[in-house]
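Undergrad: I have a structure I would like to understand better, so I am pasting it below and will then ask my questions one at a time.
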Amino acid sequence: MTQTPESIIDEEIIGIDAVARRIEKRDSIHEITSNGTIAAAVMVLAAILAVIVANTPAYEAVHHFFETGVTLGIGSWSATLTLEQFVNDFLMAIFFLLVGIELKYEMTVGQLRRPRQAALPMLAAVGGVAVPSIIYMLLNLGANGAPHGWAVPMATDIAFALGIMSLLGDRVAPATKVFFSTLAIADDILAIIVIAVFYGQTPSIPWLAASLGCVVVLAALHRCHCYSSRWYIAVGLVLWVCMFNSGIHATLAGVILALFLPARSDIQLDSLRGWLGDKAVVLDDAYDEGSHVLGQHDFTVVAEGVERVMHHVTPPLQRVEHAISVLVNFLILPLFAFVNAQVCLVGADPAAIVADPVTRGVFLGAFLGKPIGIIGVTFVLVKIGFAKLPRSVDWRQIIGVGLMGGLGFTMSILIAGLAFSVESEVLAAKCAILACSVASAIVGSVFILAATHGSKHVDGASEA
């Protein structure tokens, strides 16, 4: 959703060269931090570092550090979480807030606002969730299996997969990325539902009622056309506390908050240009060329009024997204990867891990089940005439999307932590997730490069 804006500040209005250079530098930094490929690379490096640290003498010290308690409190209420829980329950709620913002964006102006157009990738996502889960269950129905981990291979990591696709450049059509983004968003919705329904604790009715009360307050704020994001954030924090104590996974508070953030501006955009023109005249009349800026009272009062109005042009949904996107991509997700990808193989039996039904279920479920489900459902829906492939998207691109679907790092590790309580099962699941993510990225990339050799996509059109 985030796009890199060009600098809109004309150098002529900056009176000091050093300030102009700082603004230009800030624009360059923004361009880097809004690059999805760079963000995905940082998360990959964090995961690699975690695996390295986990197999060195530093592992015990790092593990002990993340078991340190952190106390969160509001008034008389307080709760103590380990640093690992703080990352997985609180910081990941901010990640889910960003996921929810992306979802609402797509529902408002993106693919999800046209049900017929969104139906194909969304139903393909259902296939990409169902088939991996079925494969996992079939491999874990025996006495030594762990059927409760059926949801682990169902998730696709949109950040990783789109980052890999970006590295492939014009070999991947823009329409294919849109198709995959819609599919991954639907995938996230299904994963969120699964976490809420199947991997929560025994519900606490009073805390559930309090959570519902917070949702009612959010709805009232939206209904009353409140466009100040700080009120939504304040209620969202209380909602997180209530859901944390309710037995429902607290990260879902982020999605709920995002769905109530206003996506509209409280400024009449069709009248803004004329209003700015009038204010420009007032500023011109109020400006005194011979006075110091501190003496330009009328001028600065009008300028402050324009500044306040222009701040409200951007909807709260976008303001919150701009505030948290860099935090999520360059701190929260890498930190999550580092905390949760610590696969300690020292003293472990590799043969036992490979033979574990959890390993085989997660790996084969994601590596085979994802492409079978995504490609199979898409093929059936197109062949029966229910839908058509998007313009400039061919079957080579769909197969590439299916293969990339097995790259399920973030959400899969989160679900694995909820599904398994036995250390050996957690280790097996994480090994399978990491191995499958690497294998899916390599196989998907190689396939796309081989299948599109000698062709490229320019502005959505394929050229030989």
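Undergrad: Which residue pairs have Cβ atoms closer than 6 Å, lie 6 or more positions apart in sequence or on different chains, and pair a first residue in the range 399-414 that is among the β-branched types (Val, Ile, Thr) with a second residue that is surrounded by 24 or more Cβ atoms within 10 Å (Cβ to Cβ)?
TA: Val401/Phe180; Thr410/Asp157; Ile413/Asn340; Ile413/Ile433
Undergrad: Out of all the residues in the range 121-136, which are among the hydrophobic types (A, V, I, L, M, F, W, C) and buried (at least 22 other Cβ atoms within 10 Å of the Cβ)?
TA: Ala124, Ala125, Val129, Val131, Ile135
Undergrad: OK, next. For the range 332-362, which residues satisfy the criterion of being open to solvent by 60 Å² or more (accessible area, probe 1.4 Å), farther than 23 Å from Val129 by Cα and either polar (S, T, N, Q) or touching a residue at least 24 places away in the same chain (Cβ under 8 Å) (or both)?
TA: Leu345, Val346
Undergrad: Which of the residues that make up the range 304-322 are among the hydrophobic types (A, V, I, L, M, F, W, C) and without any contact (Cβ under 8 Å) to a residue 60 or more places away in the chain?
TA: Val306, Val309, Met310, Val313
Undergrad: Hey, among Ala184, Ala196, Ala191, which residue is within 21 Å of Pro147 (Cβ to Cβ) and open to solvent by less than 30 Å² (accessible area, probe 1.4 Å)?
TA: After ruling out the rest, the residue left standing is Ala191.
Undergrad: Report every pair of residues separated by at least 6 positions or lying on different chains whose Cβ atoms are under 6 Å apart, first residue within the range 50-67 and more than 17 Å from Ala348 (Cα to Cα) and modelled with pLDDT under 90, second of a type outside the set (D, E, K, R) and loosely packed, with under 12 Cβ neighbours inside 10 Å.
TA: Listed by first residue and then by second, the contacts come to nothing, as the list is empty.
Undergrad: Taking only the range 151-180 into account, find how many residues are buried (at least 22 other Cβ atoms within 10 Å of the Cβ) and hydroxyl-bearing (Ser, Thr, Tyr).
TA: 2
Undergrad: I'd like the full set of residues that are over 20 Å from Gln342 (Cβ atoms) and of a type outside the set (A, V, I, L, M), limited to the range 429-450.
TA: Passing the criteria: Ser440, Gly444, Ser445, Phe447.
Undergrad: May I pose another question? If you go through the range 363-372, how many residues are open to solvent by less than 30 Å² (accessible area, probe 1.4 Å) and over 22 Å from the mean Cα position of the chain (by Cα)?
TA: Going through the range 363-372 one residue at a time, the tally reaches 2.
Undergrad: Output the residues belonging to the range 199-223 that are open to solvent by 100 Å² or more (accessible area, probe 1.4 Å) and hydrophobic (A, V, I, L, M, F, W, C).
TA: Ile205, Leu212
Undergrad: (1) open to solvent by less than 50 Å² (accessible area, probe 1.4 Å); (2) under 26 Å from Leu49 (Cα atoms): which one isn't true of Ser424, the others all being true?
TA: It is condition (1) that Ser424 fails.
Undergrad: Additional query: Only residues in the range 233-253 that are free of Cβ contacts under 8 Å to residues at least 40 places away in the same chain count as the first member; pair them with residues that are in a loop (DSSP other than H, G, I, E, B), Cβ under 7 angstrom, at least 6 apart or cross-chain, and list the lot.
TA: If the second residue must be in a loop (DSSP other than H, G, I, E, B), the pairs left are Met243/Ala250.
Undergrad: Any idea which of Ile353, Ile384, Ile399 is of a type outside the set (Phe, Trp, Tyr) and under 26 Å from the mean Cα position of the chain (by Cα)?
TA: Only one candidate passes the filter, namely Ile399.
Undergrad: Write out, first by first residue and then by second, each pair whose Cβ atoms fall under 6 Å of each other, whose residues are 6+ apart or on separate chains, and whose first residue, in the range 148-160, is of a type in the set (Asp, Glu) while the second is assigned to a helix (DSSP H, G or I).
TA: Between residues of the range 148-160 that are of a type in the set (Asp, Glu) and residues that are assigned to a helix (DSSP H, G or I), the close pairs are Asp157/Phe409; Asp157/Thr410.
Undergrad: Another question, if that's okay. With respect to Leu418, determine if the residue is under 23 Å from the mean Cα position of the chain (by Cα), modelled with pLDDT under 90 and among the hydrophobic types (A, V, I, L, M, F, W, C).
TA: yes
Undergrad: Take the residues in the range 87-97 that are at pLDDT below 90 and open to solvent by 10 Å² or more (accessible area, probe 1.4 Å), then tell me which one is nearest to Val377 (Cα to Cα).
TA: Phe95
Undergrad: Name the residues in the range 254-296 that are open to solvent by less than 60 Å² (accessible area, probe 1.4 Å) and free of Cβ contacts under 8 Å to residues at least 24 places away in the same chain, would you?
TA: Gly274, Gly277, Ala280, Leu283, Ala286, Ser291, Gly295, Gln296
Undergrad: If you don't mind, there's one more thing I want to ask. Show me the helices (runs of 4 or more DSSP H) entirely contained within the range 134-252 in which 2 or more residues are modelled with pLDDT of 90 or more and of a type outside the set (Gly, Ala, Ser).
TA: 205-223, 229-246
The values are calculated or read from the model by the stated rules, or taken from the named source; none is laboratory data. Note that the structure is predicted; figures quoted are calculated from it, not measured. Note that we place each Cβ from the backbone using ideal geometry, even for glycine, and neighbour counts take in every protein chain shown. Remember, those area values only see protein heavy atoms, side chains included, never the ligands or the DNA or RNA. Shrake-Rupley method; radii C 1.70, N 1.55, O 1.52, S 1.80 Å.
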